[in-house]
1. Starting from the stretch 117-137, keep only residues that are without any contact (Cβ under 8 Å) to a residue 40 or more places away in the chain, then list their pairs with residues that are among the basic types (Lys, Arg) whose Cβ atoms are within a distance under 9 Å, requiring at least 6 positions of separation or different chains.
2. Every residue in the stretch 137-155 that is assigned to a helix (DSSP H, G or I) and farther than 16 Å from residue 123 by Cβ, please.
3. Among the residues of the stretch 5-48, which ones are crowded, with 16+ Cβ neighbours inside 10 Å and on the phi > 0 side of the Ramachandran plot?
4. Could you grab me the full set of residues in the stretch 124-140 that are open to solvent by 80 Å² or more (accessible area, probe 1.4 Å) and on the phi < 0 side of the Ramachandran plot?
Amino acid sequence: MTAPASPAALEHFYRTEYRHLLRKLRRRVGPNEASDLVQEVFARFLRSEALGRVENPAAYLSRITRNMLIDRARRKRHGMPIFFPFDDERDASSRADQTWRIEAIDLFRLYRQTVRAMPPKTRRVFVMRRVKRMTYKEIAARLDISIATVDYHMVQALARCRAAVAAQW
């Protein structure tokens, strides 16, 4: 049997061989790791570009599986953690730490400018709540205002912060 050429034939081949490989790997590595290893076998098969060149794709899959099990045993014997290779095209990339730090510094600068631009009483209530971690009740007692007034100033301050961030980004 040559390797399947059409997508339908490839899907049929995958479904047939998936079950066979899954049974084989469950016996060798257990049910928890077997499905991941089968997926890795097929990923290696497709990446090898042997799809149209192999005369016996089932035997080729068996060889890939055998090689993976040998590599796995070697890693375990040497105490190395078992990881699959990172594929830049397939795996999601994360943003660099430096980018996150720069954005955090910019956001903090914007936050400070926004707080400084608030009316004095609103700024005072906001700082007491967010920086000093005081409760609404403590703020109301300290400033001799009602809790509803503290709530009003917090709503105003948060609205200004949201507007500043929305305008920036």
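The values are calculated or read from the model by the stated rules, or taken from the named source; none is laboratory data. These numbers come from a predicted model, not from an experiment. Ideal geometry is used to build each Cβ from the backbone, glycine not excepted, and the neighbour counts take in all protein chains shown. Surface areas here come from the heavy atoms of the whole protein model, side chains and all, with no ligands, DNA or RNA. Shrake-Rupley method; radii C 1.70, N 1.55, O 1.52, S 1.80 Å.
1. Once the first residue is without any contact (Cβ under 8 Å) to a residue 40 or more places away in the chain and sits in the stretch 117-137, its partners that are among the basic types (Lys, Arg) give 122/160; 123/116; 126/160; 128/142; 134/142; 135/129; 136/129.
2. 137, 138, 140, 141, 147, 148, listed by residue number.
3. Matches in the stretch 5-48: none.
4. Those that are open to solvent by 80 Å² or more (accessible area, probe 1.4 Å) and on the phi < 0 side of the Ramachandran plot: 124, 129, 130, 131, 132, 137, 138.
Residue-by-condition table, conditions (1) assigned to a helix (DSSP H, G or I); (2) open to solvent by 80 Å² or more (accessible area, probe 1.4 Å); (3) over 30 Å from residue 139 (Cα atoms); (4) at pLDDT below 80:
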| position | (1), (2), (3), (4) |
| --- | --- |
| 74 | yes, yes, yes, no |
| 85 | no, no, yes, yes |
| 89 | no, yes, yes, yes |
| 92 | no, yes, yes, yes |
| 98 | yes, yes, yes, yes |
| 103 | yes, no, yes, no |
| 106 | yes, no, no, no |
| 112 | yes, yes, no, no |
